[in-house]
Structures are given as structure tokens and as C-alpha cells.
Amino acid sequence: MADRGTRPGTCWCVLDRLDDAADPHDTIAMHSGYPDVELLPAREVRSAFTRVARRADIFHRPPTAGLPDLRRWFVDELDADGWRDTDAVIASGGQAALAATFRALAAPGDPIVMESPTYWGAIAAARQAGLVIVPVPRTEGAPAAVDLDEAFATSGARLAYVQPTFANPTGDVWTAAQRNEVLAVVRAHRAFVIEDDWAHDFAMESRPRPLVCSDTDGHVVYIRSLTKSLSLTVRVAALLARGPARTRIENALTVSDLYVAPVLQAVALDVVSRPAWRTHLLRLRRTLEARRDALVGALASGAPMVEVERVPRGGLNLWAALPAHGADGSPTDAELVAARTLARGLSISPGGEWFPTEPTGPYIRLNFAAASPDRYAEAVEILAGAL
């Protein structure tokens, strides 16, 4: 197991938690970034593979940017004027799209602005690309315009990474005013902002329009993946950008992946183009809402010392604050708590993984979509005991 005494943000989950098979079979898996496979449309995906396999054209090499019809579907899903299928590039999942964008739009040693906390995979990809992360704290769920402006001005950054909708790990959603303010700052600094719309399909209530829908000048690079909502084995995502930025990103993806397997692209398109896809999304959102409420209730009754500051309106996770100090007065160590719960049969993500700098307190992230609700009470009991 990796050394968990590394500096904050080194993401021991990359090494230890990415492979669920590394955990004992009966472990309650709340560390995962994915929903339970039982929540996904496995039957529809199997049928799509059968249909696609009969097509002769599926055995030909596709365009490097992806199948045109699939690119058009992603563009149409935005329901925004000015976007064309030629603005989209298909990637093998959101992580590949992120990594390629970082490589394409910045050079090693360049600064990149990020919300803090934020997605550990983006932190890891930025560091792997040799970028210097400039963290900006969330204020009322989003980076304050004045803080963002200062980060760009003092660092000279021309690139930012954000999650305006159901941010991972906090679940925060930017308001319309915050979106306009952030976009104005980005325009003023002639920068690019990478919008990671990872939870597009996991809205439990209304879903705000993506930031990219308000971008008329090509400042926003938009990423949306289907992996978590369609199938963990069909890693397909789209990246939308305009002008030279789009060309540079496509070139970066071509160098690393050449192209996404046409079978996977065709299967994804087959599934999302049928009425059953909408039915699946409605059922998924109702299930996620029920699971979220059940875990919030279990924590309130069984571990009241664990505080869920904001109940998310979408996504897969709860972001929870642990008590600052233990019964003996010593500071709470979220990594130690995670190690204790793992030894007792519960796998969780310690909050330090999600901060590109020093954590602001002891936090944990709990995935309510990965574990069965009938084990929530047991999970909370383990967590309370570890504290």
C-alpha cells in the first residue's frame, strides 16, 4: 500500500483506491468514483453491442475526432447556438480528455488555476503535465471573482479548471451570477477555462445550463463523459472547443490515443439515441436522490459529529466535515480515520486527496451511489467507531 504520509494532494487513492478489487470482498465501498453497476443500463448496453457487431462499417478506422453522429449528439445535448459537430472531439473518457487538454493548452512549468478542493484526477493530471497549480478557495460554492482575478494576475495563468455543476467532491453548484462573474474574469485575462461537466446525468432536481452555453468567444473548453452514467466498460467522452484550441487538443489526443475504438463509440451512440436512455436517466436520478437522503439520515442519527455542510442536489457523493479534534483533544487526521475504517470493512476517501494545497480541515468524501443502502447503517457505525 502506498505511503499515506506524502504531502497533501499526492492522491494515494490513485495507487490504492482506484482498483476496487484490492479491497476485501465484503468491504463497503464508499471511496469509489463510480455508481454501483446495478444502477447502469447493462441490458441496453449488451443489446447495443449485439446490434453494432452486425455492422460491416464498424470494423473500419473512424475519423480521429470521432464518429460524426456521436459528435453531433453531444453538441445537440448542449442546446446552445453556435456549436457544430466539428467543434467536438471524442476521447476515451473524461480523464483522457482532461490530460490531453492540459498538455495541449499549457507547457510544463505553466500555472493553472484550480478551485480548492477539486477533483483529485485533475490535480494528478495537471501535475503529471508539469503544471503549477494555483489554488483558489470556494466562496459560497464557487471561486470569488476577486480571488480568481488575483490568481490570474499574480501567476500569469492562462488556464483554469472548474466544475460549476455538482462539483466533485463538494457537490457545489455555481449560481447564474457566479457563472457570469467567472466568465467575465476569464475573458478579461484572455484565458481558457476547462469546464468539467462530469455529473451532467446525475442531477436530482433542475440542472443549470453549462458554462459553455454562455461562451461566445471560445474561452470555454467543455468536457462531458458518459462512462459513469452509461457503462464503466464504455469509456466515451466528448470535448468541445473552438478554433486553434480545438485543433491542438485533437492533436494531443491523436498522439496519445490515435482514436477511440469505433465499436465503443457506436455502442454509446446506439444507447443514448433510444427512448430507453431517457427512462434510464429518470430512474437513475430518483435512485440517487433516495440513496442520498438515506445516507444523510443515517449520518444524522448514527454519527452526528460528522457534518454534511451542504446536501448536494446532484452527483454521487457527500462531502462531510469530521470533528476538528478527537476525544483526547488531538487534531483529527482524516487519513488515519480512513485507514481505521478500511481495517473495519469500510472504504472512504480522506479529504486531503481533493486539495491541491493544505486541506482546510478534516474532511471525507462518501459515495452514496456505490454501496447498497442496506449497508448504510453498518457503514455509519464503522465511521463513528473510527472517530
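Specify the residue that is nearest to the chain's Cα centre (by Cα); the eligible residues are those in region 234-251 that are buried (at least 23 other Cβ atoms within 10 Å of the Cβ) and under 10 Å from ALA91 (Cβ atoms).
ALA237
Which number in (1) farther than 23 Å from PRO359 by Cβ; (2) modelled with pLDDT of 95 or more; (3) not in a helix (DSSP H, G or I) marks the one condition that ALA80 misses?
Here ALA80 clears every test but (2).
Can you pull out the helices (runs of 4 or more DSSP H) entirely within region 206-311 that have at least 3 residues that are more than 30 Å from TYR363 (Cα to Cα), touching a helix residue (DSSP H, G or I) at 6+ places or on another chain (Cβ under 6 Å) and acidic (Asp, Glu)?
none
Taking only pairs six or more apart or across chains, which ones have beta-carbon atoms under 8 Å, a first residue in region 180-196 that is of a type in the set (Lys, Arg), and a second residue that is open to solvent by 60 Å² or more (accessible area, probe 1.4 Å)?
ARG187/ASP217; ARG190/ARG158
This table checks each residue for (1) of a type outside the set (S, T, N, Q); (2) over 21 Å from the mean Cα position of the chain (by Cα); (3) open to solvent by less than 10 Å² (accessible area, probe 1.4 Å).
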residue: VAL311; (1), (2), (3): yes, no, no
residue: HIS325; (1), (2), (3): yes, yes, no
residue: PRO331; (1), (2), (3): yes, yes, no
residue: ALA343; (1), (2), (3): yes, yes, no
residue: ILE364; (1), (2), (3): yes, no, yes
residue: ASN367; (1), (2), (3): no, no, yes
residue: PRO373; (1), (2), (3): yes, yes, no
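Out of the residues in region 312-364 meeting the condition of being more than 28 Å from ALA125 (Cα to Cα) and part of a strand (DSSP E or B), tell me which one is modelled with the highest pLDDT.
PRO331
Is region 96-116 home to any residue that is basic (Lys, Arg) and within 25 Å of PRO362 (Cα to Cα)? Before you say what the answer is, go through the steps one by one.
Step one: list which residues in region 96-116 are basic (Lys, Arg), which gives 103.
Still in the running and within 25 Å of PRO362 (Cα to Cα): none.
No, region 96-116 has no match at all.
Answer yes if at least one residue in region 41-57 is closer than 25 Å to HIS219 by Cα, of a type in the set (A, V, I, L, M) and surrounded by fewer than 22 Cβ atoms within 10 Å (Cβ to Cβ), and no otherwise.
Within region 41-57 (the criterion being closer than 25 Å to HIS219 by Cα, of a type in the set (A, V, I, L, M) and surrounded by fewer than 22 Cβ atoms within 10 Å (Cβ to Cβ)), the answer is no, since none of the residues qualifies.
Could we say that THR64 is of a type in the set (S, T, N, Q) and part of a helix (DSSP H, G or I) here?
Taking the combined requirement at face value, the residue does not satisfy it.
State all residues of region 189-205 that are within 24 Å of GLY82 (Cβ to Cβ), touching a helix residue (DSSP H, G or I) at 6+ places or on another chain (Cβ under 7 Å) and assigned to a loop (DSSP other than H, G, I, E, B); if no residue qualifies, say none.
Passing the criteria: HIS189, ALA191, TRP198, ASP201.
If I ask for residues that are open to solvent by less than 50 Å² (accessible area, probe 1.4 Å), under 24 Å from ASP201 (Cα atoms) and not basic (Lys, Arg), which ones from region 58-85 would you list? Break it down into steps so the answer makes sense when it comes.
Within region 58-85, the subset open to solvent by less than 50 Å² (accessible area, probe 1.4 Å) is 58, 62, 64-67, 70-71, 73-75, 77-78, 80, 83, 85.
Retained after the next criterion (residues that are under 24 Å from ASP201 (Cα atoms)): 65-67, 70-71, 73-75, 77-78, 80, 83, 85.
ALA65, GLY66, LEU67, LEU70, TRP73, PHE74, VAL75, GLU77, LEU78, ALA80, TRP83, ASP85 - these are the residues of region 58-85 that are open to solvent by less than 50 Å² (accessible area, probe 1.4 Å), under 24 Å from ASP201 (Cα atoms) and not basic (Lys, Arg).
Out of (1) modelled with pLDDT under 95; (2) open to solvent by less than 10 Å² (accessible area, probe 1.4 Å); (3) of a type outside the set (A, V, I, L, M), what's the single condition that is false for ARG207?
Evaluating ARG207 over (1) modelled with pLDDT under 95; (2) open to solvent by less than 10 Å² (accessible area, probe 1.4 Å); (3) of a type outside the set (A, V, I, L, M) leaves (2) as the failure.
When region 201-255 is examined, which residues are found to be out of contact with any Pro (no Cβ under 9 Å at 6 or more places or on another chain) and among the β-branched types (Val, Ile, Thr)?
Scanning region 201-255 gives VAL212, THR216, VAL221, ILE223, THR227, THR233, VAL234, VAL236, THR247, ILE249, THR254, VAL255.
Here is a check on your reading of the model: is GLU381 outside any loop (DSSP other than H, G, I, E, B) and under 18 Å from the mean Cα position of the chain (by Cα)?
Spelling it out, it is not the case that GLU381 is outside any loop (DSSP other than H, G, I, E, B) and under 18 Å from the mean Cα position of the chain (by Cα).
Quickly run through region 210-219 and pick out the residues that are open to solvent by less than 40 Å² (accessible area, probe 1.4 Å) and either aliphatic (A, V, I, L, M) or under 15 Å from ARG84 (Cβ atoms) (or both).
Across region 210-219, the qualifying residues are LEU211, VAL212, CYS213, ASP215, GLY218.
Restricting to helices (runs of 4 or more DSSP H) lying wholly in region 96-188: which have 3 or more residues that are open to solvent by 20 Å² or more (accessible area, probe 1.4 Å) and either farther than 21 Å from PRO210 by Cα or touching a His at 6+ places or on another chain (Cβ under 6 Å) (or both)?
It comes to 120-128, 145-155.
Please determine whether any residue of region 274-288 is among the aromatic types (Phe, Trp, Tyr), within 28 Å of MET114 (Cβ to Cβ) and open to solvent by less than 10 Å² (accessible area, probe 1.4 Å).
Checking region 274-288: not a single residue is among the aromatic types (Phe, Trp, Tyr), within 28 Å of MET114 (Cβ to Cβ) and open to solvent by less than 10 Å² (accessible area, probe 1.4 Å).
The values are calculated or read from the model by the stated rules, or taken from the named source; none is laboratory data. Computed from a predicted structure; not experimentally measured. Glycine gets a Cβ as well: all are built from the backbone with ideal geometry, and neighbour counts include every protein chain shown. Areas reflect the complete protein model, heavy atoms only, side chains present, ligands, DNA and RNA absent. Shrake-Rupley method; radii C 1.70, N 1.55, O 1.52, S 1.80 Å.
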